[in-house]
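A quick write-up on the structure given underneath.
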């Protein structure tokens, strides 16, 4: 039995290997804020969101659509999804089952006893979950949820529940235990197998019939009442038989638990999406299910794309951007400081990742080609522990990236190679970007390096220039326009804005 | 009780090494004649076509053509030079895990005759065939298991258990002996030693006595395997009867929950005590089982009484022990070959003092580095014509000491009849190797370091013969350059007069120009990066230095490099 809510054909692995640059992505795109919005205070929800987003880059388009459909169901029936999640959670963490398979002890009889108790509790929980499936099945249309609900109803029917109950009773072994064995090394018993003891005659009636019927050769032995060592030996032998049954049942309990845990993890992703949806809707931000384009293309176009993390951190709505960059390998973003360049790049990276995880995008509409990986090369605060200089450190990080990027990667450069003078930095940046462009690796490059940015003007159709806009009076709109780089970066403006009074004082002095 | 004492003797003879000298088999006289002929041949190319070899003689030992020539081999102590050459480390790792075979004595015994070396080379070459080596290895594993089973049988007190362990021991022995014989009888072994052993083994296995033993074991095992019984535990007792096709209940439980299966679950089986000995309940059950199958258990008892203490054969036991000498070394070589180093069979001469090797390396250091996947640096050397002395100078930490060790190690290993670390090797069968390596200052020694050096050098020179090899490592460092030069030249003069083969590591490069007998070797550094050690020692003077590197190049971010790297 599989829940298969995130992939049509496999489990969601919370322990999946994350991209090697996961920590960089979390830091540069401020992903913790997104995970936090999805999780509330719940650590488990946080983890599910984290893994689903960071492993999302590997998803093919049909997995993305599979999740989009499931998520549409969730948005239409939020109460049912949350109730199902709670029922699974209660079955895992209820009073009789919360210790799971911990503290089983070392004795087969104790393991057996605990396992019987646990499976009984799990069966009760599964009955409730099945009830929810039955009640809601008509209201869900996605393949993910309708398959899950039909499966729960078919597999956990009344007949099956009775079979389980019968075994749980028989596993108490009130009638004695039958084991078979072969001779092993040193003529010790080997290959012990627990056998069904139905045929063993134990009552007086059976004894009588045995006495009267055809004689079968067998030998019987009774311990002396004071033979304590013998009693211990006998109970050891009993343990050998129980050992296998205890193992079978404990493993079953583990399987049931992992089925439930899997269902919980997969539901957790959707519950997280619902939480985020609630918050964005609450402040009137638009969301849209994005349209993934083939990985072979180098295209994206969107309307009203906003930085979801920035929006979550303030009360007002944030400014969205419109871009139509179909066929563009390289986007060079220049323009005013604090004009929204970095915010724009982050909003794009986030939307790309959310799309590939099967989520809605923070935009009125969003479409982009699939990328197999997102890499960031952001300028970093100088690390004290490092012996090399800033530029050396930047290049060593670039070198690590060079070993990772492939043709279908997206690379986000934020003020890269600027820790040396404009000329040298431009030279290195050009050398690197030229090679990546030749390999058709999609890049967004936010930069102040004028010589670098300007060198690409008129070079090819695969390059787009965006500029942080400013009005004639110098105020920033935080909206980007498609325009070639200007020589200055409006540092004066920024200076004036920050040091307004200072400037005035200077003037009046 | 009588029955129980007898196997003890059997076990002792299995572990003892009495087989050498117990010449039950004819043919010793003939092989002695061949030996004298062999000793007369002073020089021998390591490889010879098998056709030229004498027909296999009666088998004596897989290590020696004539064991009597090396009476001390079993207990020989460590040669003095092993410590300086780090060969003590090599021997320790060669024999580790093989303590029960007591091989150290053999590794301490140099062969004195080139034909004795050839005898081992042939065997070693045979063992290079992976099929033979793996057969011998599994034979050894079985023999070790057999010894364990016998000890087990001896320790137990319950007869029905003893009988079973004894049967297992005999079964293991018969199986591995027959298997090895079968393999060796197919031919394919070319060495004198292996051919002789094969002939012996084939005879032994074909003997009626062995065949009968084997058949009995087989039948008993087959019959015991058919025993399948049930124990029904209820209340304070149990009932034993034959198995009557009762169904597997654990499987039924598993089946009921199969639909929840999610990959592999943990194993929840408790580790139940599994003593080899039985408690009285188990004994009682076994007794009932033996009553359910009285005929089989009757035959088992009879087998035990008649065969206890009659096997194994002494020669086979000794072979099992001695062949480990080759396997141990072959395993050790393989660890280094894995990282790309080569070994070769040296051409060994007791007369010709020209020696050479390509890509020779320190076997002790190589083993250490290879353990982490590293590869030691190898070096070439050659002494030809009148050349006798390698004078090694150059920067410190450049591999000079390692080089001098390599030279000594290779000669020691060659004298053991083993492949040596390096290619295209030609080595001298020495009488004694003398080493003088600088040691930690010994404060109980009042003579002072210089005097100590001189005393030791004097002792070496007075004991050395023209067949000796001398390795000097940084002596006379505790005096002035002038003194050191003077003393060194004096000592060098004596060495030349004795016509000794010598490696001399020194900071006095003038020593390399003392005459036609000396050859200069220099440790080197990487010209591009003087801080980096290359450990290369080459036959010439030191080379210059140069250094250049840019920061982009350092990170492989130039256009060409980047194109290569991306999307690889």
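The values are calculated or read from the model by the stated rules, or taken from the named source; none is laboratory data. Predicted, not measured: the structure shown is a model, and the values here were computed from it. Because the Cβ atoms are built from the backbone with ideal geometry, glycine has one as well, and the counts that use them run over all protein chains shown.
So here's what we get for this one:
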| read-out | value |
| --- | --- |
| Only one of B:242, B:192, B:218 that is under 16 Å from residue B:168 (Cα atoms) and either modelled with pLDDT under 95 or more than 14 Å from chain A (Cβ to nearest Cβ) (or both) | B:218 |
| Condition check for residue A:98: in contact with a strand residue (DSSP E or B) (Cβ under 9 Å, 6 or more places away or on another chain) and either within 30 Å of residue A:246 (Cβ to Cβ) or surrounded by 15 or more Cβ atoms within 10 Å (Cβ to Cβ) (or both) | no |
| Qualifying residue in the range A:245-252 (condition: in contact with a strand residue (DSSP E or B) (Cβ under 8 Å, 6 or more places away or on another chain), at the interface with chain B (Cβ under 7 Å from one of its Cβ atoms) and in a helix (DSSP H, G or I)) | yes |
| Flag for residue A:151 being facing another protein chain (nearest Cβ under 10 Å) and closer than 23 Å to residue A:88 by Cβ | yes |
| So residue A:24, is it touching a strand residue (DSSP E or B) at 6+ places or on another chain (Cβ under 8 Å), surrounded by fewer than 20 Cβ atoms within 10 Å (Cβ to Cβ) and in a helix (DSSP H, G or I) | yes |
| Which listed residue is in a helix (DSSP H, G or I), within 17 Å of the chain's Cα centre (by Cα) and buried (at least 18 other Cβ atoms within 10 Å of the Cβ), from A:50, A:114 | A:50 |
| Test: residue in the range B:233-250 that is surrounded by 15 or more Cβ atoms within 10 Å (Cβ to Cβ) and touching a residue at least 60 places away in the same chain (Cβ under 8 Å) | no |
| Among the residues listed as A:159, A:124, A:175, the single one being farther than 30 Å from residue A:281 by Cβ, surrounded by fewer than 17 Cβ atoms within 10 Å (Cβ to Cβ), within 14 Å of chain B (Cβ to nearest Cβ) and modelled with pLDDT of 90 or more | A:159 |
| Selection count where residues are crowded, with 22+ Cβ neighbours inside 10 Å and over 17 Å from residue A:463 (Cβ atoms), scope the range A:322-341 | 3 |
| Cross-chain or 6+ apart pairs with Cβ under 6 Å, the range B:372-390 first and more than 16 Å from residue B:340 (Cα to Cα) and not assigned by TED's automatic domain parsing to the domain that holds residue B:499, then modelled with pLDDT under 95 and assigned to a strand (DSSP E or B) | none |
| Criterion (modelled with pLDDT under 95, more than 8 Å from every other protein chain (Cβ to nearest Cβ) and either surrounded by 15 or more Cβ atoms within 10 Å (Cβ to Cβ) or under 30 Å from residue A:259 (Cβ atoms) (or both)) met by exactly one of B:206, B:258, B:265 | B:258 |
| Residues (outside any helix (DSSP H, G or I) and either facing chain A (nearest Cβ under 7 Å) or in contact (Cβ under 8 Å) with a residue 60 or more places away in the chain (or both)) located in the range B:275-292 | B:276, B:277, B:278, B:279 |
| Identity of the residue in the range B:284-297, exposed (fewer than 15 other Cβ atoms within 10 Å of the Cβ) and in contact with a helix residue (DSSP H, G or I) (Cβ under 9 Å, 6 or more places away or on another chain), that ends up nearest to residue B:217 (Cα to Cα) | B:295 |
| Members of the range B:221-239 that are within 7 Å of chain A (Cβ to nearest Cβ) and either modelled with pLDDT under 90 or outside any loop (DSSP other than H, G, I, E, B) (or both) | B:224, B:228, B:229, B:230, B:231, B:232, B:233, B:234, B:236, B:237, B:238, B:239 |
| Odd one out for residue B:330, checked against (1) out of contact with any strand residue (DSSP E or B) (no Cβ under 6 Å at 6 or more places or on another chain); (2) within 14 Å of chain A (Cβ to nearest Cβ) | (2) |
| Test for residue B:249: is it under 47 Å from the mean Cα position of the chain (by Cα), under 30 Å from residue A:165 (Cβ atoms) and within 7 Å of chain A (Cβ to nearest Cβ) | no |
| Single residue of B:535, B:547 found to be surrounded by 15 or more Cβ atoms within 10 Å (Cβ to Cβ) and either modelled with pLDDT under 80 or out of contact with any helix residue (DSSP H, G or I) (no Cβ under 6 Å at 6 or more places or on another chain) (or both) | B:535 |
| Only one of B:211, B:154, B:162 that is within 9 Å of another protein chain (Cβ to nearest Cβ) and farther than 30 Å from residue B:122 by Cα | B:162 |
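Results for (1) touching a strand residue (DSSP E or B) at 6+ places or on another chain (Cβ under 6 Å); (2) more than 27 Å from residue A:27 (Cα to Cα); (3) at pLDDT 90 or above; (4) surrounded by 18 or more Cβ atoms within 10 Å (Cβ to Cβ), shown as yes or no for each residue.
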{"site": "A:414", "(1), (2), (3), (4)": "yes, no, yes, yes"}
{"site": "A:424", "(1), (2), (3), (4)": "no, yes, no, no"}
{"site": "A:428", "(1), (2), (3), (4)": "no, no, no, yes"}
{"site": "A:433", "(1), (2), (3), (4)": "no, no, yes, yes"}
{"site": "A:468", "(1), (2), (3), (4)": "yes, no, no, yes"}
